[in-house]
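One structure is given below, encoded as structure tokens.
Bear in mind these aren't lab numbers, they're just calculated from the coordinates by the rules spelled out. In this text the structure is predicted, and so the values were computed from the model without any measurement. With ideal geometry, Cβ positions are generated from the backbone for all residues, glycine too; neighbour counts draw on all protein chains shown.
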Amino acid sequence: MKTRGMAKTILLLFLVLLAPGAAAQSGANDRGKGAPVASTAFLERLAFQLYSSRNFPPLEAQLSVLAGLGYEAVEFGAGSGSAADMKELLDRHGLKSPSGHFDLELLRSDPASVVARAHLFGMDVVAIAYLPPEARPKDSEGWLALGRELQDFAELLGKHDLKLAWHTHDFEFEKLPDGSYPLDRMFEAAPSLFWQPDIGWLTRAGQDPYSWLERYLDRVRTVHLKDVAAEPDNGEGGWADIGYGTVDWTRLLPLLAGAEIGALIVEHDDPSDFVRFARRSRATVAAWPSTQAE
């Protein structure tokens, strides 16, 4: 499986390097909207979450493809490899990494390494990627306690000019026994904690992304752009390329244009073709009206 993925990635890399502009144009034509305007403020904030391409090694080929498609930034997932090696690859392909995903356990056991890694890449935002089921609090007091712990870490990272954010999935929007939501409880106890909302997971949780974004917009510095397929059994985990699913992006644009929001990070948890996802998603964002982001 991985061998086929690597061969496909290398072939696509060759094609992109031959005609990088053609790939982006093809993405626009897929949507029937002509050539995307590459100077929008939304596009300038665009980044690619490398979790989306994890099944298509090697990493350098992925980065070369993304740079060829016009991406200027990426976000690494938690548990990625050697920081020095990855930084060298980013520099080689002219890419930056304004935010990154980190494991909570690493922050607990070795916060100095989190700071060092974030500074090496020039990150502004350190996002906690995920909380496994066995580690999730069961009630409000548990989430308040977690919030208090995160507040301490947020203050620690703040001393190093870093913002701590929490990346949400669906479980933060499942009501607790007292009727409250985990995210509300966590934020109640952590006034310095930022939020990295994942639009796809918010939608899949049965929530209204607009309402939650509006509620906590002052905490948002980076956003994961993820779309939900109309057909759950689409062979790609029920996810879709940005603009090809059910999310009403037009409604969200005024909020996503917020001056405090930095990176808009496209992600797909299980694409069968990460180059297609990267190309079509970038074309979608490029076609968003620039006046919304001014």
How far apart, in nanometres, would the label points at A84 and E231 be if each is projected 7 angstrom from Cα along the Cα-to-Cβ direction?
4.9 nm
Of K87/K226; K163/K226; K96/K159; K96/K175, those spanning more than 28 Å from alpha-carbon to alpha-carbon
K96/K175
Could you line up S99, S82, S53 from fewest to most neighbouring Cβ atoms inside 10 Å?
S82, S53, S99
In vacuum, with every alpha carbon of region 180-235 counted as one equal point scatterer, what does the Debye formula give for log10 I(q)/I(0) at q = 0.20, 0.24, 0.26, 0.31 Å⁻¹? Two decimals, please.
-0.77, -1.02, -1.14, -1.41
How big is region 133-258 in terms of Cα radius of gyration and Dmax, in angstroms?
15.5, 46
D (µm²/s, integer) via Stokes-Einstein for region 185-294, Kirkwood Rh across alpha-carbon pairs, 4 °C, 1.567 mPa s: value 89 µm²/s
Hydropathy at least -1.0 by Kyte-Doolittle, axial extent at least 20 angstrom from the Cα trace: which helices of the chain, defined as entire DSSP H runs, fit?
2-18, 140-158
In deg cm²/dmol, rounded to 500, what helix-only [θ] at 222 nm does the chain give when every DSSP H run of at least 4 residues adds -39500 (n - 2.57) and the total is split over its residues?
-13000 deg cm²/dmol
Nearest-0.05 FRET efficiency for D218 and T250, computed from C-beta distance (R0 30 Å):
0.85
Please state the relative contact order of the chain as a whole percent: Cα pairs under 8 Å, 6+ residues apart?
22 percent
Assuming R0 = 25 Å, what is the FRET efficiency of S290 and D269, from their Cβ-Cβ distance, to the nearest 0.05?
0.30
Taking N as the residue count of the chain, its alpha carbon Rg divided by 2.2 N^0.38 Å gives 0.98
To the nearest 0.05, the calculated FRET efficiency linking E155 and E105 through their beta-carbon distance, R0 being 25 Å, is 0.85
Hey, got a sec? Which GluC sites (Glu not before Pro) in region 212-277 land in a DSSP loop and have at most 12 other Cβ atoms within 10 Å?
E260
